[in-house]
Amino acid sequence: MSIAGGVPRAIERALSVDATALQIFVKNNNQWRAKPFADGEPEAFRQAVSDADLGEALIAHASYLINVASPDEALWNKSIEALAVELRRCAELGVPGLVLHPGSHVGQGVEAGLERAAAGLDRALEQAEGPTRILLEITAGQGSNLGCSFEQLAGILDQVAVRDGYGICFDTCHALAAGYEFRDAESYAETFDALDRAVGLDSIAAFHLNDSKMPLGSRRDRHEHIGKGELGLEPFRLLLNDPRFEQVPMVLETPKNKDLEDDRVNLATLRGLIAS
Ligand SMILES: [Zn+2]
């Protein structure tokens, strides 16, 4: 949800569509610079979160510029610094998890990239010194993007110093694009068994519920309205009725207009799938 006009506005917007979970950016996501919060802004946000009872279901998404796997020393350092700043802003706002794309290896190769990412992530967590966890998101695997397989996510988590500082964010669109089938009960069970073996299902701290414009294994990241893309409704029905994920925040990253009507429609579609 947009934070235009100040972070507390995101809560108003969330309530206006009857959301019970929320993802925000904690700064402009396409700039390195982070404008300091206005006086009282974090306090007002935390109060609004508490009034709306959204505290347990609140996550943030890190800037797309950050590449903690970068082989370029200057960009790597800049990424670590920017990630630490975002983690500190999350802590100020009381946001427990910051979703991050694990980065791109840019020609170093996957193994070197995973090692580089783990080292960079640890440095950012150490600099931030706060309670906010980094939630590594499964990616569609475009270009040299890391994190497009459960094994790659495990490859990072197995190398970090403080495992408790990390979790996983499962994006349904990315998973399909990365080649994971979960559109019927059998493939759903297999895919989540594989995820369990790789990182443990208790690592999953957030879901991004998006349909996909692109087919299975396309490695292309194009979000679509719920039920209108390659995923259809069934995988969402399976997820929403899976008791293992009952307490895990699930948010939309589907296209939307300014009036947020698209959010209302997508939420209604998803809620309609929940067995009473
Ligand atoms: Zn996502």
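With Cα atoms defining each centre, segment 57-129 and segment 171-233 are spaced 23 Å apart in the structure. Antiparallel beta bridges, as assigned by DSSP with both residues in segment 117-276, represent about 15 percent of the total such bridges. For segment 1-143, the Kirkwood estimate of hydrodynamic radius, built from reciprocal distances between every pair of different alpha carbons, is 15.7 Å.
Straight-line cross-link partners of Lys256 among the lysines, defined as a Cα under 16 Å from its Cα and at least 8 positions apart when in the same chain: Lys213, Lys228. DSSP beta bridges fully contained in the chain are about 10 percent antiparallel. In this structure, Asn257 and Asp184 have a Cβ-Cβ separation that, at R0 = 41 Å, corresponds to a calculated FRET efficiency of about 0.80. Under 5 Å from the amide H of Arg133 lie the amide H atoms of Gly97, Leu98, each residue being 5 or more positions distant or on a separate chain, with H modelled from the backbone and absent for Pro and chain starts. The base-10 log of I(q)/I(0) for segment 56-271, evaluated at q = 0.18 Å⁻¹, reads -1.34 [Debye formula, identical scatterers on Cα atoms, solvent excluded].
Neighbours of Glu137, meaning other residues whose beta-carbon lies under 12 angstrom from its beta-carbon, give a summed charge of -3 when Lys and Arg score +1 and Asp and Glu score -1. Proximity of backbone amide H atoms, modeled 1.01 Å from N, is registered between Gly103 and Leu146 at under 5 Å, excluding neighbours fewer than 5 places apart on the same chain. Across segment 145-150, computed HN-Hα scalar couplings (Karplus, 6.51 cos²θ - 1.76 cosθ + 1.60, θ = phi - 60°) run 4, 8, x, 8, 9, 4 Hz from first to last residue, x flagging Gly and Pro. With K and R counted +1 and D and E -1, the other residues having a Cβ less than 9 Å from that of Val162 yield a net charge of -2. The H on the amide N of Gly232, modeled in the peptide plane, is under 5 Å from the matching H of Ser212, Gly227, each at least 5 residues off or on a different chain.
Using a simple spin-label model with pseudo-atoms 7 Å out from Cα toward Cβ, Glu12 and Arg222 lie 3.6 nm apart. Label zone (Leu233, point 7 Å along Cα-to-C-beta; backbone nitrogen cut-off 20 Å) within segment 208-222: 209-213.
Only the coordinates and a few stated rules stand behind these numbers; no lab work does. Everything quoted here is computed from the prediction, not taken from an experiment. Neighbour counts are summed over all protein chains in view; Cβ atoms, including those assigned to glycine, are modelled from backbone coordinates with ideal geometry.
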